[in-house]
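The structure under discussion appears below in the form of structure tokens.
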Amino acid sequence: MPGLHTGGWYDIFHAGTVANFCGIRAPRQKLLMGPWQHSPWRAIGESPRQDVGANEVDEWHVRFFDEVLKGMGTGVFDAPGRAFVLGEGWRDVDGWPPTTATEASYYLHSGGRANSAYGDGVLSLDPSSDEQADVYLYDPLMPSMSHGGHSCCVEAIAPMGPADQEPYEASKGVLVYTAAPLERDIVLLGDAAVDLFASSTALDTDFTARLCVVDRSGRSTNLKEGIVRARFRDSLAEPSLLRPGEAYRFTIPLGPVGARLEAGQRIRLDVSSSDFPQWDRNLNTGGPLGEEPASAAVVATQAVFHDAARPSRLRLPIERSSA
């Protein structure tokens, strides 16, 4: 069965859209990723142009149905995918992830005081060495609040889209790691993820990550967000609680990304344990999910490690021509 898989970079369902495209092993599958949040496909962060938004989605629907129902040669399957690279425009891709990208690792560094954007957290291509861990408190009754994101469907309830991260990054409950200014433009096109070595004093907790770009004026804007619930770190079917104080490796998928970053901009990673209300709060008790009152919440002390034995890192898909 032919398929047209349509999503947007700030759509809550964008990762599932790409996963469906990759998972259906059948001919005549097309991936379309645009600069949108959830429908009605309103363009995000781009000046008004005719080739984005709801009309563009309608055009691809017509082309797709003309091809598969009427047998017309519309060229809809000439390339497996078409993606709007934020800051650049549309381009065809040879699948997902595109073969034009290679993975680069940005390692977390600090002197143990990466709390907030005013701390000493650094991202670097240099591997981690022997460094002091970063520590923060996570209180479910005082969660770090979402500013923008990949939510649905009422923005006043669950913020979505790109937003200034200053209120989020001002909290000492958020660890902030920032790279040096880019020496040249780069294109992120593929799947991003975070490998985080961390411990908690709780039986269960969350770890969240935000990939941001910092412009020349210092404004930080979210590109991607991800979360892992500790009890599901190894399996969604067979959860297991933490041993308090023990370090674990957590993989936080950030999902698909397509953006051009300009010379002078900086890559930033925010790490916390809440991004609310984009995601529900973990009460840190290890108890049954959704059944306990907020009054049962437990404050947790979280530690994020970045040393030679536990090299926490951000993994980014960088187009080879710009790497």
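Can you tell me which of 35-44, 196-205, 291-300 comes out highest on packing, and rank the rest after it, using the mean Cβ neighbours within 10 Å?
Working: 35-44: 19.5, 196-205: 22.5, 291-300: 13.0.
With the highest mean Cβ count within 10 Å placed first, the list reads 196-205, 35-44, 291-300.
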> What residue among Arg49, Arg243, Arg63 shows peak mean-square fluctuation when the chain is described by a Gaussian network model with Cα springs under 10 Å?
Replying inline: Arg49
>> Roughly how far apart, in whole Å, are the Cα centres of the stretch 135-201 and the stretch 50-90?
In response: 32
>> Test of understanding: in a Gaussian network model of the chain with alpha carbons linked when under 10 Å, which of Arg113, Arg216, Arg229 would top the mean-square fluctuation ranking?
In response: Arg216
> So how compact is the stretch 275-323: Cα radius of gyration and Dmax in angstrom?
Replying inline: 17.9, 53
> Do the sum for the chain: with -39,500 (n - 2.57) for every DSSP H run of n ≥ 4, divided by all residues, what is the mean residue ellipticity at 222 nm, to the nearest 500 deg cm²/dmol?
Replying inline: -3000 deg cm²/dmol
>> Taking amide H atoms as placed 1.01 Å from N in the peptide plane, list the residues 5 or more away in sequence, or in a different chain, whose amide H sits under 5 Å from that of Ser146.
In response: Phe276, Gln278
>> I need the phi-derived Karplus couplings for the stretch 141-154: 6.51 cos²θ - 1.76 cosθ + 1.60, θ = phi - 60°, integer Hz, Gly and Pro marked x.
In response: 7, 9, x, 6, 8, 5, 10, x, x, 10, 10, 7, 9, 10
> Taking the Cα atoms only, what angle lies between the long axis of helix 54-70 and the longest principal axis of the chain, rounded to 10 degrees?
Replying inline: 50
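Quick check on the stretch 115-205: what are the equivalent-ellipsoid semi-axes from the Cα gyration tensor, as sqrt(5λ), descending, whole Å? Show your work: numbers first, answer last.
Numbers: eigenvalues 115, 97, 39 Å².
One finds semi-axes of 24, 22, 14 Å for the stretch 115-205.
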> Can you give the accessible area of His109 in Å² (nearest 10), computed on protein heavy atoms with a 1.4 Å probe?
Replying inline: 30
> Pairing the Cα long axis of helix 14-23 with the longest principal axis of the chain, what angle in degrees results, from 0 to 90 and rounded to the nearest 10?
Replying inline: 60
>> If I histogram all Cα-Cα distances within the stretch 211-260 using bins 10 Å wide from 0, what percent of pairs lands in each bin?
In response: 20, 35, 24, 18, 3
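If you rank Cys153, Cys212, Cys22 by how much accessible surface each has, with a 1.4 Å probe, what is the order from largest down? Walk me through the numbers before you get to the answer.
Numbers: Cys153 80, Cys212 0, Cys22 40 Å².
Descending order: Cys153, Cys22, Cys212.
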> Tell me, what ³J(HN,Hα) does each residue in the stretch 244-249 have, in order and in whole Hz, if you take phi through Karplus 6.51 cos²θ - 1.76 cosθ + 1.60 with θ = phi - 60° and put x for Gly and Pro?
Replying inline: x, x, 8, 7, 10, 9
> Semi-axes of the equivalent ellipsoid of the stretch 45-191: what are they in whole Å, largest first, if each equals the square root of 5 times a C-alpha gyration tensor eigenvalue?
Replying inline: 40, 22, 13
> Are there cysteines in the chain with no other Cys C-beta under 4.7 Å, and if so, which?
Replying inline: Cys22, Cys212
>> Show log10 I(q)/I(0) for the stretch 1-83 at q = 0.14, 0.21, 0.22 Å⁻¹, two decimals, from a solvent-free Debye sum over equal Cα scatterers.
In response: -0.47, -0.99, -1.06
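Ratio of alpha-carbon Rg to the 2.2 N^0.38 Å globular estimate for the chain, to two decimals, please. Please list the in-between numbers first.
Details: Rg = 20.3 Å, N = 323, 2.2 N^0.38 = 19.8 Å.
In units of the globular-protein estimate, the chain measures up at 1.03.
For the stretch 249-307, would you read off the P(r) tail past 19 Å as a percentage of all alpha carbon pairs? Could the numbers behind the result be given before it?
Values: 912 of 1711 pairs.
Value for the stretch 249-307 (Cα pairs over 19 Å): 53 percent.
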>> Among Val194, Ala209, Val174, which residue has its Cα furthest toward the positive end of the charge dipole of the stretch 165-211, with +1 on Lys/Arg Cβ and -1 on Asp/Glu Cβ?
In response: Val174
> Amide H to amide H under 5 Å from Gly3: which residues, 5+ apart in sequence or cross-chain, H placed 1.01 Å off N in plane?
Replying inline: Gln29, Lys30
> Taking the Cα atoms of the stretch 1-48 alone, what are Rg (to one decimal) and Dmax (as a whole number) in Å?
Replying inline: 11.7, 37
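What FRET efficiency do you get for Ser105 and Phe232 if R0 is 25 Å and r is their Cβ-Cβ distance, rounded to the nearest 0.05?
Values: r = 24 Å, r/R0 = 0.97.
Approximately 0.55, to the nearest 0.05.
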> What are the extents of the Cα atoms of the stretch 65-150 along their three principal axes, listed from largest to smallest and rounded to whole Å?
Replying inline: 62, 36, 20
>> Taking θ = phi - 60°, what integer Hz values does the Karplus form 6.51 cos²θ - 1.76 cosθ + 1.60 yield along the stretch 88-93, in sequence order, with x for Gly and Pro?
In response: 9, x, 6, 8, 7, 10
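Give, in whole angstrom and from largest to smallest, the semi-axes √(5λ) of the equivalent ellipsoid of the stretch 185-323, with λ running over the eigenvalues of the Cα gyration tensor. Present the calculation step by step, with values, prior to reporting the outcome.
Working: eigenvalues 188, 51, 38 Å².
Taking √(5λ) for each Cα gyration eigenvalue gives 31, 16, 14 Å.
Stokes-Einstein diffusion coefficient for the stretch 154-197 at 37 °C in a medium of 0.692 mPa s, Rh from the Kirkwood formula over Cα pairs: what value in µm²/s? Kindly include the intermediate steps, with their values, before the conclusion.
Values: Rh = 14.3 Å.
Rounded, D is 230 µm²/s.
The values are calculated or read from the model by the stated rules, or taken from the named source; none is laboratory data. All values derive from a computational prediction rather than experimental measurement. Note: ideal-geometry Cβ built from the backbone for every residue, glycine included; neighbour counts use all protein chains shown. What goes into the accessible areas is simple: the full protein's heavy atoms, side chains included, and nothing from ligands, DNA or RNA. Shrake-Rupley method; radii C 1.70, N 1.55, O 1.52, S 1.80 Å.
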